[in-house]
1. Tell me yes or no: at least one residue of the stretch 29-51 is modelled with pLDDT under 95 and among the small types (Gly, Ala, Ser).
2. Any residue in the stretch 2-15 that is in contact with a Leu (Cβ under 7 Å, 6 or more places away or on another chain), modelled with pLDDT under 95 and not small (Gly, Ala, Ser)?
3. Hey, among the residues in the stretch 11-28 that are small (Gly, Ala, Ser) and surrounded by fewer than 12 Cβ atoms within 10 Å (Cβ to Cβ), which one's nearest to Met1 (Cα to Cα)?
4. For the list (1) modelled with pLDDT of 90 or more; (2) surrounded by fewer than 11 Cβ atoms within 10 Å (Cβ to Cβ); (3) among the aliphatic types (A, V, I, L, M), I need the number of the one condition that Ala65 fails.
Amino acid sequence: MGRSQDGALTFSLLNHVHNGRTMAWDADFEAKVRALTGPDIRAAMQRYLDVGKMAFMKGGDFKGASSN
(Lines give C-alpha, C1' and ligand atoms only; values in the text may rest on other atoms or scores of the structure.)
Protein backbone atom coordinates (compact mmCIF):
# COMPACT_ATOMS: atom_id res chain seq x y z
CA MET A 1 0.00 0.00 0.00
CA GLY A 2 2.81 2.40 0.86
CA ARG A 3 4.30 2.17 -2.60
CA SER A 4 1.06 3.50 -4.06
CA GLN A 5 1.53 6.80 -2.22
CA ASP A 6 3.89 9.29 -3.88
CA GLY A 7 5.42 10.50 -0.63
CA ALA A 8 6.05 7.01 0.74
CA LEU A 9 7.53 5.83 -2.57
CA THR A 10 9.79 8.89 -2.76
CA PHE A 11 11.01 8.29 0.79
CA SER A 12 11.64 4.62 0.02
CA LEU A 13 13.60 5.41 -3.15
CA LEU A 14 15.70 8.06 -1.41
CA ASN A 15 16.35 5.69 1.49
CA HIS A 16 17.42 2.98 -0.96
CA VAL A 17 19.81 5.35 -2.74
CA HIS A 18 21.30 6.33 0.62
CA ASN A 19 21.76 2.67 1.63
CA GLY A 20 22.87 1.37 -1.78
CA ARG A 21 19.77 -0.77 -2.27
CA THR A 22 17.29 -1.31 -5.09
CA MET A 23 13.62 -2.16 -5.20
CA ALA A 24 14.77 -5.75 -5.85
CA TRP A 25 16.16 -5.66 -2.30
CA ASP A 26 12.59 -4.95 -1.11
CA ALA A 27 11.22 -7.90 -3.07
CA ASP A 28 13.88 -10.22 -1.65
CA PHE A 29 13.29 -8.97 1.91
CA GLU A 30 9.51 -9.41 1.60
CA ALA A 31 9.97 -12.95 0.25
CA LYS A 32 12.16 -13.80 3.25
CA VAL A 33 9.56 -12.41 5.66
CA ARG A 34 6.75 -14.38 3.96
CA ALA A 35 8.85 -17.55 4.27
CA LEU A 36 9.16 -17.25 8.06
CA THR A 37 7.33 -19.83 10.12
CA GLY A 38 5.91 -19.53 13.60
CA PRO A 39 8.83 -21.49 15.07
CA ASP A 40 11.31 -19.21 13.23
CA ILE A 41 9.70 -16.15 14.80
CA ARG A 42 9.52 -17.74 18.25
CA ALA A 43 13.22 -18.70 18.09
CA ALA A 44 14.21 -15.15 17.11
CA MET A 45 12.12 -13.68 19.91
CA GLN A 46 13.68 -16.03 22.46
CA ARG A 47 17.16 -15.18 21.16
CA TYR A 48 16.74 -11.38 21.20
CA LEU A 49 14.05 -10.53 23.77
CA ASP A 50 14.56 -10.81 27.52
CA VAL A 51 11.11 -10.91 29.09
CA GLY A 52 12.69 -10.32 32.50
CA LYS A 53 13.83 -6.88 31.33
CA MET A 54 10.48 -5.87 29.82
CA ALA A 55 7.86 -3.69 31.44
CA PHE A 56 4.21 -4.61 31.00
CA MET A 57 1.44 -2.08 31.57
CA LYS A 58 -2.29 -1.99 31.15
CA GLY A 59 -4.14 1.11 30.09
CA GLY A 60 -7.77 1.95 29.65
CA ASP A 61 -10.99 2.33 31.54
CA PHE A 62 -11.02 -0.41 34.14
CA LYS A 63 -14.30 0.50 35.77
CA GLY A 64 -16.19 -2.74 36.27
CA ALA A 65 -13.28 -4.88 35.12
CA SER A 66 -12.28 -7.92 37.14
CA SER A 67 -9.06 -7.80 39.14
CA ASN A 68 -7.45 -10.46 36.88
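The values are calculated or read from the model by the stated rules, or taken from the named source; none is laboratory data. Everything numeric in this text was worked out from a predicted model, so none of it was measured. Here Cβ is always computed from backbone atoms with ideal geometry, including for glycine, and neighbour counts include all displayed protein chains.
1. No, the stretch 29-51 contains no residue that is modelled with pLDDT under 95 and among the small types (Gly, Ala, Ser).
2. Among the residues of the stretch 2-15, at least one is in contact with a Leu (Cβ under 7 Å, 6 or more places away or on another chain), modelled with pLDDT under 95 and not small (Gly, Ala, Ser), which makes the answer yes.
3. Here the residue is Ala27.
4. Of everything listed in (1) modelled with pLDDT of 90 or more; (2) surrounded by fewer than 11 Cβ atoms within 10 Å (Cβ to Cβ); (3) among the aliphatic types (A, V, I, L, M), Ala65 misses just condition (1).
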